[in-house]
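Since the structure comes first, as structure tokens, the remarks are kept for the end.
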Ligand SMILES: [Zn+2]
């Protein structure tokens with residue numbers, strides 16, 4: 001890598017052309033997307049640092065320079081953060097707008113743990129490194145660059161297109177909630193923070209997924225109290241042992257398998273690329289969710305068990321107050337990912353039955369996430385996404401998917417607005433370090449990514 005870097009100045013002397021790093025975008029809109037991304041990575045929009053308004057102002061300036069009316073680009077503060085909206089006026093101002101969402105905030109990153117500074121954009125080996133490059137300042141930059149490019153080309157959408165970027169997606173989602181309410185008249189939402197293309201080890205795309213639903217997130221606190229006493233004088237009950245029994249039952253329980261139009265399409269679409277045993281189980285389950293052998297095979301796979309049912313697992317436990325005392329209090333957390341369409345209340349009632357210990361109280365712990373139904377597999381959306389993606393990779397498999405939750409789409413789906421995750425990022429899943437160390441984005445995804453966003457917006461608002 002070092003030798004390659006040192007060669008660049010020599011090449012610059014030999015050639016009058018600009019010396020772009022390998023795979024850097026070459027189109028004007030792609031170059032602008034990379035500039036926006038670099039600018040965005042350098043603003044540490046981590047919770048508690050108050051930097052979201054700083055990034056929003058930079059994006060606002062870009063949009064206005066790119067042709068948006070100043071009045072149409074608004075930042076709405078929410079505590080130390082806030083959300084940004086930019087309205088692209090259409091021919092019919094009264095029709096329901098198409099809303100394109102993303103988020104400006106990122107997960108915390110400790111520079112001491114990173115090989116490169118997380119808040120300095122660094123281009124190396126065909127990637128741009130930095131916190132948020134993948135989740136999701138890359139798509140954010142591509143969306144902004146695409147909108148500006150479309151304006152410069154003079155494109156006028158059939159109806160308004162609103163870009164809307166939240167400022168605390170990774171934490172409380174208070175900005176998302178406020179933004180969804182402000183845009184509750186939206187006809188449809190496209191989210192740059194889910195879905196996307198997957199590349200194999202040779203950099204060849206093999207599938208594109210459209211996220212059309214996500215599981216409902218839920219935590220339940222289990223509590224058991226006991227009079228306790230001296231550990232030398234054990235009685236009939238022990239709260240730690242009783243909680244252990246309860247949690248073992250939760251762990252052993254399997255909720256009934258479920259299938260929806262979305263998961264059916266996902267399993268059928270994934271089977272052609274799955275290993276033979278899983279592929280057979282996917283097809284069999286999609287055809288008949290009562291197929292016990294298929295359920296068994298899919299349940300044994302951590303990658304697919306969550307696709308066919310609600311899952312609940314114990315994740316935390318605390319209890320006891322002294323090594324020589326009978327425990328007076330034990331609490332545990334059970335984390336559930338609930339199949340869309342099933343309520344959190346229903347799962348709470350099922351947990352009560354499974355545990356079957358009236359001494360243990362079960363309380364739902366509200367963290368602000370919502371129950372939301374999956375979005376319908378809208379033919380118009382599927383056709384538009386397929387066209388935009390296949391212009392980039394002819395014939396690529398397009399598969400609707402459900403994620404484990406939770407994205408900003410949840411707040412729009414909860415309001416009854418269909419929402420689709422359609423990221424224009426194509427990458428090898430093994431390169432996905434979002435939320436982790438050394439997060440990166442392949443530079444090669446930027447030029448075609450901007451083109452994909454432009455094609456998709458044009459198809460959805462023509
Ligand atoms: Zn994200």
Worksheet item: Calculated FRET efficiency, residue 433 and residue 322, Cβ-Cβ r, R0 45 Å, to nearest 0.05?
Response: 0.55
Worksheet, complete the sentence: Rounded to one decimal in nm, the spacing of the 7 Å Cα→Cβ label points at residue 288 and residue 42 is 6.3 nm
Worksheet item: How much mean residue ellipticity at 222 nm does the chain get from its helices, if each DSSP H run of length 4 or more adds -39500 (n - 2.57) and you divide by all residues, to the nearest 500 deg cm²/dmol?
Response: -10500 deg cm²/dmol
Worksheet item: Going by average Cβ neighbours within 10 Å, how do the peptides 235-243, 162-170 rank, with the highest at the top?
Response: 162-170, 235-243
Worksheet item: In percent, how large is the relative contact order of the chain, given Cα pairs closer than 8 Å and 6 or more residues apart?
Response: 24 percent
Worksheet item: If contacts are Cα pairs under 8 angstrom and at least 6 residues apart, what is the relative contact order of the range 258-306 in percent?
Response: 28 percent
Worksheet item: In angstroms, what radius of gyration and Dmax does the range 263-313 have, counting Cα atoms only?
Response: 9.9, 31
Fill in: Cα-based equivalent ellipsoid, the range 113-167: semi-axes from gyration tensor eigenvalues, Å
31, 13, 7
Worksheet item: At 37 °C and 0.692 mPa s, what whole-number value in µm²/s does Stokes-Einstein give for the translational diffusion of the range 407-462, with Rh from the Kirkwood sum over Cα pairs?
Response: 243 µm²/s
Response to the item:
Going from the fewest other Cβ atoms within 10 Å to the most, one would list 93, 373, 440 as 93, 373, 440
Worksheet entry | Residue list for the range 150-164, given a label point 7 angstrom along the Cα-to-Cβ vector of residue 92 and an amide N cut-off under 16 Å | 156-162
Worksheet, complete the sentence: To the nearest 0.05, the calculated FRET efficiency linking residue 225 and residue 366 through their beta-carbon distance, R0 being 22 Å, is 0.50
Worksheet entry | Extent along principal axes [Cα atoms of the range 282-407; Å; largest to smallest] | 69, 36, 26
Worksheet item: Based on the Cβ-Cβ distance from residue 333 to residue 110, what FRET efficiency comes out when R0 is 35 Å, to the nearest 0.05?
Response: 0.90
Item to complete: Sticking with the crude label model, points 7 Å out along Cα→Cβ, report the distance from residue 404 to residue 181 in nm, one decimal please.
Response: 3.1 nm
Response to the item:
Rounded to the nearest whole number, the Stokes-Einstein translational diffusion coefficient of the chain at 10 °C and 1.306 mPa s (Kirkwood radius, C-alpha pairs) in µm²/s is 66 µm²/s
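Values in this text are rule-based calculations from the coordinates and carry no lab data. What you are looking at is a predicted structure, and each value in this text was computed from that prediction instead of being measured. Reconstructed Cβ throughout: ideal geometry from the backbone, glycine too, with neighbour counts over all protein chains shown.
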